[in-house]
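Below is one structure; the comments refer to it alone.
Laboratory data are not the source of any read-out in this text; all were calculated from the coordinates shown. Predicted, not measured: the structure shown is a model, and the values here were computed from it. Every residue, glycine as well, gets a Cβ built from its backbone with ideal geometry; the counts of neighbours run over all protein chains shown.
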Amino acid sequence: MNIKNFEGIAPYLNDPFVLIGFITFLVISVLFAISKSKYFVKITGEDTARIIKKILNFVFVIVIIVVILGFGYQTYKIYLSNKNSTEKVVIVKAPTEEVDFLESGIRNYKTEKYYDAIRDLKIAVQKENNVGKSYYYIGMSYHFLSKDNEACSYLQKAKLNNYDYDPVDFCN
């Protein structure tokens, strides 16, 4: 196997589990090659069992070390991605009866919590709290969830309830 062949394999070694399998393959291949070499003398039955047990223990320890290193590497990558994350955590109280569901729904919409926004705004519609505006924000939430059929349906309801908004491209 020359280096050009290895260049074709190398990109697949990014995943720790593929790397673990590859290293295990290499270790077993080396051990197999050593066992076939001329440097070993004839071994008796008792010695064979003892040597095989030592080789298997060695391979087992190597595999365990590689698995631990693979998990450690993945954990480190997750740590780095979280460390460099620019996400902001926004704590919002769960709506209760005293909360204005329209206001809570719009706040959830603006913080990109579209499922929560839809839930709160549907409650606002049931309470008949500014129905047209509620329908508009429900429609826009569905749009950002890539559910344009539902979005257009709710935007149509917003117009029917006299809520005026700028036209949207995705409902044509």
For this session: Figure the gain on full extension for residue 19 and residue 115 (residue separation times 0.36 nm, minus the Cα-Cα span) and round it to one decimal in nm.
Result: 30.6 nm
Exercise. For residue 171 and residue 52 in one chain, what is 0.36 nm times their gap in residues minus the Cα-Cα distance, to one decimal in nm?
Worked result: 35.7 nm
For this session: List 104, 29 from most exposed to least, where exposure is judged by having the fewest other Cβ atoms within 10 Å.
Result: 29, 104
Seminar exercise, completed: Taking r as the C-beta separation of residue 26 and residue 82 and R0 as 35 Å, the FRET efficiency to the nearest 0.05 is 0.60
Exercise. Any idea how far apart residue 69 and residue 122 come out in nm if each label point goes 7 Å out from Cα toward Cβ?
Worked result: 5.2
